[in-house]
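Chemist: Here it is, the structure, as structure tokens.
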Amino acid sequence: MEGGSAMRRFGIILTLLCAAVLTLSAAPSYASEAVAPSPADSTSFQHSLSLDVRSGFVTQHHDLFRGVNATGTTINASASAHIQYAFRFPSASRLGRIMPSAYQGVGVAPYTFFNHEVMGTPVAFYVFQGAEVARFSESLSLDYEWNFGASAGWHRNLVVGTKVNAYINLGLMLKWQPGLCSSAFCRSLDGWTFAAGLDMTHFSNGDTTLPNVGTNIIGARISASRAFGATAGMAADGGSAARVDIRQLRREARAELSRKSFLQRTELDVILCGTVNAETITYQDKEYKLDGKFGVAALHINPLYRVTPCFLVGPAVDVQYNEGINLADHVAGINPVTDEIRFHRPPLAEQLAAGLSLRVELQAPIFAVNLGFGHNIIYKGPELGGFYYLAALKTFVTDSLFMHVGLKVCDTESSNNLLLGLGWRF
């Protein structure tokens, strides 16, 4: 399918960028040690509202974006406006100590591609989380933020097969908190935070319906947020008193972790996933869209070693059954009247594979982001070879039970697929 290779490359780049952010986020972040501690309410939640404006370049990986569409115009730009509500857990709470600088919340954003007739005007609804990566001065820091959710309102076309798509975004931003500066003007803006940075966005339905070429955006963002609540002016976005607490919490957490044995620092995730895919196969140089849906089931066993309080790494065993794999070698014939292709069901050995992957995970309050890079070890058929890349969001319902939503991207022409399921952390 045209654009499939471009989508895989974008997925690989996004996965590698996420891995770099996870690695940076796991490193200690140091603020100025000259800040004098001041009293802060460590038992209160901090809240904020923000307005975020984003614009970007739509990657030209399909003819539709290059002007082969109903309007005959190029689709190469997008814009969106995001309203976000965020909160931080109290620094004295158990969740607040996992990653003290983390904030999380919900957002909504209308998107335009400046061509409603072809693309529609989708609206994204999502959860998000961010945290400090590094601090350059009292008022300036580098933060990351991910968004994950769904977008509705698409027009079906040659690249979008559904009106509702998954929405994934990752951004890196410089954040300025003027209230931490010494001037009177800056102090008058206490509680405000301004940010600017770069981000990547991907819309996809995970091949649950075809076509699914995907829509990718590389762009920039600016935002302004206002903290509110009892500690709004001091701690809602990492104020000086809060940063002193954060440094102390980090030191205490690292010291506590260092006293644990190897086994005490190791956890085991067992995950069961399932989804359905739409499929196409190429036979005698012609591509056929297959009727119906094809089931996918997967089991992931992933021991994780806690390197730091919020950064984990470990190998994983990935077992997957996909009934839409290796069909081209079992074609029974073509119906000359309807031009439908028929095939025999491949043997189980050609639709079942077991692989090994290396996983890294960023643990934060409520959420964990897990990324993997692997290769099938036991498999048959051409479509199960090659490397695969995994990206997943875990949402913890309890300390052990979590929901798992992810995406698998393959090097080969085999189907990419969603990874939807439940997991248990031992």
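The values are calculated or read from the model by the stated rules, or taken from the named source; none is laboratory data. Keep in mind it's a predicted model, so treat the numbers as computed, not measured. Here Cβ is always computed from backbone atoms with ideal geometry, including for glycine, and neighbour counts include all displayed protein chains. Calculation scope for accessible area: heavy atoms of the full protein, side chains included, ligands and nucleic acids excluded. Shrake-Rupley method; radii C 1.70, N 1.55, O 1.52, S 1.80 Å.
Chemist: Any idea which residue in the range 318-344 is most open to solvent (accessible area, probe 1.4 Å), counting only those that are in contact with a helix residue (DSSP H, G or I) (Cβ under 7 Å, 6 or more places away or on another chain) and assigned to a loop (DSSP other than H, G, I, E, B)?
Modeler: 344
Chemist: Only residues that are within 27 Å of residue 77 (Cβ to Cβ), outside any loop (DSSP other than H, G, I, E, B) and open to solvent by less than 30 Å² (accessible area, probe 1.4 Å): list them for the range 99-135, please.
Modeler: Answer for the range 99-135, where residues must be within 27 Å of residue 77 (Cβ to Cβ), outside any loop (DSSP other than H, G, I, E, B) and open to solvent by less than 30 Å² (accessible area, probe 1.4 Å): 107, 109, 111, 118, 119, 120, 122, 124, 126, 128, 130.
Chemist: Any idea which residue in the range 292-317 is farthest from the chain's Cα centre (by Cα), counting only those that are buried (at least 17 other Cβ atoms within 10 Å of the Cβ) and within 26 Å of residue 346 (Cα to Cα)?
Modeler: 294
Chemist: Taking the range 374-384 as the region of interest, how many residues are over 14 Å from residue 356 (Cβ atoms) and either out of contact with any helix residue (DSSP H, G or I) (no Cβ under 7 Å at 6 or more places or on another chain) or acidic (Asp, Glu) (or both)?
Modeler: Residues meeting the conditions: 2.
Chemist: Looking at the range 97-156, which of the residues that are under 19 Å from the mean Cα position of the chain (by Cα) and aromatic (Phe, Trp, Tyr) is farthest from residue 253 (Cα to Cα)?
Modeler: It comes out as 111.
Chemist: Further question: Applying the selection to the range 392-426, what residues are at pLDDT below 90, open to solvent by less than 50 Å² (accessible area, probe 1.4 Å) and farther than 18 Å from residue 323 by Cα?
Modeler: Listed by number, the list holds a single entry, 406.
Chemist: Now a separate question. From the list 47, 82, 62, which residue is over 22 Å from residue 175 (Cβ atoms) and either crowded, with 16+ Cβ neighbours inside 10 Å or at pLDDT 90 or above (or both)?
Modeler: Matching residue, one of 47, 82, 62: 62.
Chemist: Among the numbered conditions (1) within 24 Å of the chain's Cα centre (by Cα); (2) on the phi > 0 side of the Ramachandran plot, tell me where residue 161 comes up short.
Modeler: Result: residue 161 passes all but (2).
Chemist: Cβ-Cβ under 7 Å, sequence separation 6+ or interchain: first residue in the range 253-278 and over 30 Å from residue 204 (Cα atoms), partner surrounded by 11 or more Cβ atoms within 10 Å (Cβ to Cβ) and of a type in the set (Ser, Thr, Tyr). Which pairs?
Modeler: Short answer, once both residue conditions are applied: 254/308; 265/305; 266/305.
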